[in-house]
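Readers should treat all values here as calculations from the given coordinates under stated rules, not as data from a laboratory. Bear in mind that the values here come from a model prediction, so they are computed numbers and not experimental data. Quick reminder, even Gly has a Cβ in these numbers, built from the backbone with ideal geometry, and neighbours come from all protein chains shown.
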């Protein structure tokens, strides 16, 4: 029925014991788990709607051990799913029931901090925020800041090409790393990338970044560090018309200003968060923008002046500059608490991640509102407006029979809407298992075939994270058929970029 | 003896006629050239030390024609070498004597300018500068600016991941394009990249960028456009000690300033250019820095103040801020005329392109001076200091027997020096045929093997630009042997990143 079909078959105990024994030839016994109560904690990542028990969980703490795990799995054709902190939202670390779940949790050391060249060598299990904390005394920091940065690990950030509120100005993970150590499926240690702005040979660094554990296992990351900005300022603007808010986003960028953060929330999201954290948001606004700029004191003062002017010209009904650091953090507190906030007003919620051209913001929000009514499911919206990265939050109740299915169907429709306006089905969360069907709409046969050829160049037997990120053509054929059955063949009316 | 050995074999006339006939089934006769006088103009690119006559030259002007060329060559196992404007400096467009040279010269139209989303869709043969000229009235421009930007084409820029004086702040070509249309060796048209900051699936956009015509032929490029900076200012600083100049570069970056351009020239380069363009450079300085910042008037004024402070602290003997636009262009004129300037003081010169960590600038310059004496060849240095991209210019006379060989040997030594300090053998010119041996030192067997696997995923028969960019393991074995024979096995003393 799908790439994940094999996961429904029972694990052969004999295999399990034999593989475990082979792994224990190099790994200590406590680093090879297979009893149900031991592997249960690894059954899902942040996309908890999908759960599978892995056959075996390994917790290596040296590169040599990772190489051994890969060689054993390669020889015995055992699937390998790498896992960082397990905070991913697209099911990229969902275990394979006949496979080995390779946890990088023990790779948690910062190996080197080179302030002269503004880089740090870290192990993949190091938490995103821990890097900035380690170099704070040097007035440096690591720019990408996913909402989960307290918990998520840098290895996972690389695997998903994670972003955050600052990626509009400072780029995604791929723009903030310099080199990787990767163990291939046959156990080879490969160094990727280098010191220079450019690197000879094919750009495997970018290829590996965002490849969702399909090409190799990351065992070391060299990240770029940036000087902490001297000054930061935040402006909150309210709009009585979401179209004006969307237009303001375009105008700020068109003015040549690249804010450190440019976030939008619609009215349902504003109300939910205000009730929760009391950030003093204007609860009657159709939408608000949070625009933060950073740099030297002079730059910031000058840019804020221009931002306020643009916001005024675009019909903002209210413009508030944070009076002090405390108020700046208060304004952010609402946006950052948006997910738990909607969690309070609904038993369950489903976070969607898609990207659209900025000019389509208002149009897409209007269409999401229509779909929301059609499905009878509330959908507050928060998003990284600057780079058109949407995070609609579908509110549902898993205890109501069929509501999860209806929610997933609505989520699919919203992603297809992103494609239809010339956008993509991911912003920063990856594809994983969550969006694998929509990949069939995003890409055509020639493109998917090329993806599979690249995959085979790294993993000829298809053992790395099988069934994730890139659908088989067979699966897409079925999905297309499913769509026809559903009365709609989406391909024709989706404009190719 | 090498990957290019096959190029010494004579072309079988029968093949030539049969291939030409097959090509003419779709291409008009005037677009299929094979008489010697017709193909002679294509015998080399900017690296004119290497020359080969192609078997056939094709000049398609539609994507369908390119697809036909690829299908014909794929069926008949005929090598295909794509060529843009032919300004490349590493021999990436050197023809294959038994192959088809595919010129994109007729793909010279700007297809769409989308100011709302700050992008332009252009054909690969469009000249780099023509893009900025076409959007100048919209106050936009395309940032990467190789020295050859008047002549070089955007397709070639993508193939080589070209840079320029502004890439420190605005990035290389890969950071300034959004999507590509590529024709694969089997004639498929594949769309790569998309509208969003992130794109689902593997990052084929970055993989294709800088792949030197080894993976496919680019038939359309969507470039990102930036708003023209409101203000620009340039500071010229003189140093009586090159180490101070190198230190100043590091200190400017460490101060959190990212100049739009940060160029260095040593004394021989200063003298050569001053004699030529009279840019009013301090001819007794050991080195000069040209530091340009752009942005709003306020930002520029504020940053220039800080730049001047840093330069003073680093022991600059003279600091001159351009008094007006005319003087700013005068200061640049020297740097931009550096190549023709050395061309005046030497019958021939060889431009090297390597990258080193900024902190190693002074050390590497000192070692280049030693090598220069050792080989009895003068080596003026100009470079993009901000990103550590060196362009030493070896002066020689091709009419002196053996001097070209000695020059190429010295060039190899300088590239190995770049590797030894933790840098790379390319900055922005690519590998082509020029640096293919040094690739054996830059990468180990596992890394080269992975490169070949990726290549095979796109081009299983190895027909695209054979013998370029990535050496065979066989070639590296021979090169290693040559080095041992030369009394030096470089591998052990080269620190891995």
Peptide A:106-116, shielding by other chains (average Cβ, 10 Å cutoff): 1
Cα-based equivalent ellipsoid of the protein assembly as shown: semi-axis lengths in Å, sorted from largest, via gyration tensor: 44, 35, 29
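Computed FRET efficiency, Cβ-Cβ of residue A:51 and residue A:75, R0 25 Å: what is it to the nearest 0.05? Please list the in-between numbers first.
Numbers: r = 29 Å, r/R0 = 1.15.
My answer for the efficiency is 0.30.
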The stretch A:164-190 and the stretch B:189-238: distance between their alpha carbon centers, rounded to Å: 18
Virtual spin-label span in nm between residue A:36 and residue A:400, 7 Å along Cα→Cβ: 3.3
Length gained when the stretch residue A:112-residue A:444 is fully extended (0.36 nm per residue, less Cα-Cα span): 115.2 nm
Using a 7 Å Cα-to-Cβ projection, residue A:460 label spacings across copies, nm, ascending: 1.3
The protein assembly as shown - mean residue ellipticity at 222 nm from DSSP helices (-39,500 (n - 2.57) per run, n ≥ 4, rounded to 500): -11000 deg cm²/dmol
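Taking 1 over the mean of 1/r across every pair of different Cα atoms in chain B, what Kirkwood radius in Å do you get?
On the way: mean 1/r = 0.0423 Å⁻¹.
Result for chain B stands at 23.7 Å.
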Nm distances between copies for residue B:305, ranked from closest, using label points 7 Å along Cα→Cβ: 1.3
For the stretch B:4-103, fraction of C-alpha pairs farther apart than 24 Å, in %: 15
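Relative contact order for chain A using alpha-carbon pairs under 8 Å, separation at least 6, rounded to a whole percent? Walk me through the intermediate numbers first.
Values: 1042 pairs, mean separation 71.7, N = 497.
Relative CO of chain A lands at 14 percent.
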Across the identical copies, how the residue B:75 labels are spaced - nm, sorted shortest first, 7 Å along Cα→Cβ: 4.7
